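Written out below as structure tokens is the structure these notes cover.
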Amino acid sequence: MMISLGDIKTLADAIQRVEGYIPPNAQYPQGSLAYQNNNPGNLRYAGQPGAVQACTQNNGCFAKFPTYDAGYQALENQIQIQAAQGQTLSQFINQYAPPADKNNTSAYLSTLVAATGASADTPLTDVISGASTSTFDTSTSGDASSASTDSLQSVADVFTEDSTSLLALGGAALLVFLIARG
């Protein structure tokens with residue numbers, strides 16, 4: 001069976017969820033830092049057009065954009081820059097959210113894999129172009145649905161401490177599960 005991978009918007013939207021772009025609510029009366037900075041990708045400041053440097057005592061320095069659209073465009077630009085470098089999805093996220101910066105990079109990668117339908121080794125150019133990829137044939141693979149369920153459970157286990165990320169993962173995981181079941 002062939003499935004189409006996501007496009008750049010699918011990947012950017014998944015990153016936005018993982019990065020915690022949260023409008024004001026009871027837990028975040030002013031919204032998350034990403035929200036306050038109009039920076040859905042929580043990009044570090046690197047002289048992006050229209051951005052200024054916004055530093056906090058606890059979180060370091062990030063880019064602050066004049067509008068949400070400017071921040072979202074900067075996120076897409078960053079994805080395209082790293083795609084042009086020939087990176088795979090795994091290489092991308094290991095540079096974008098490295099463990100050295102206290103990121104749970106493996107959980108982040110699992111979320112992006114679930115959201116895009118790509119594998120960790122898929123070239124980022126294919127992920128953002130919506131290329132097609134083959135999946136296993138559920139009619140001849142024995143108990144493929146339980147293997148998919150086990151894989152999705154292991155991804156969900158990573159997020160048991162973070163219900164927001166688990167909720168964001170849920171829709172993508174359900175889609176992957178339904179595709180696997182045929």
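Dimensions of segment 27-84 based on its C-alpha atoms, expressed as ranges along the principal axes with the largest first, amount to 37, 20, 19 Å. Among 78-89, 14-25, sorting by the average number of other beta carbon atoms lying within 10 angstrom of each residue, highest first, gives 14-25, 78-89. Once divided by 2.2 N^0.38 Å, the Cα radius of gyration of segment 1-133 becomes 1.05.
Coordinate-derived values only; no laboratory data. Note that this is a predicted model, so its numbers are computed, not measured. Backbone-built Cβ (ideal geometry, glycine too); neighbour counts: all protein chains shown.
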